[in-house]
1. Evaluate the distance, in nm, between pseudo-label points positioned 7 Å from the Cα of Ala34 and of Asp46 along their respective Cα→Cβ axes.
2. Let's test the formula: R0 of 30 Å, r as the Cβ-Cβ distance of Leu23 and Phe2. What FRET efficiency results, to the nearest 0.05?
Amino acid sequence: MFGIGELTILLLVIVAMLAVKRLPDLTRSAGKAARILKSEKRALKDEDGDGPRSSPHVIRGETTERDAS
């Protein structure tokens, strides 16, 4: 019968074969997540206001309410 070493190698080969099919999707998802994190980091940095404030972006068709303060 099979020993622990052979079963471990067999399991690793099966996992590697299944992972190859999913690898492009995983890398694509990781890239999207990295871009989202980078843009959020940049937005937080801009919001903190270390540099000069830029004017608000006007998006046609949307309205916003101003605070009374």
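1. 2.2 nm
2. 0.60
Where a number appears in this text, it was derived from the coordinates with a stated rule and is not lab data. Given the structure is predicted, the values throughout are model-derived calculations rather than measurements. Please note: Cβ atoms are built from the backbone with ideal geometry, for glycine as well, and neighbour counts cover all protein chains shown.
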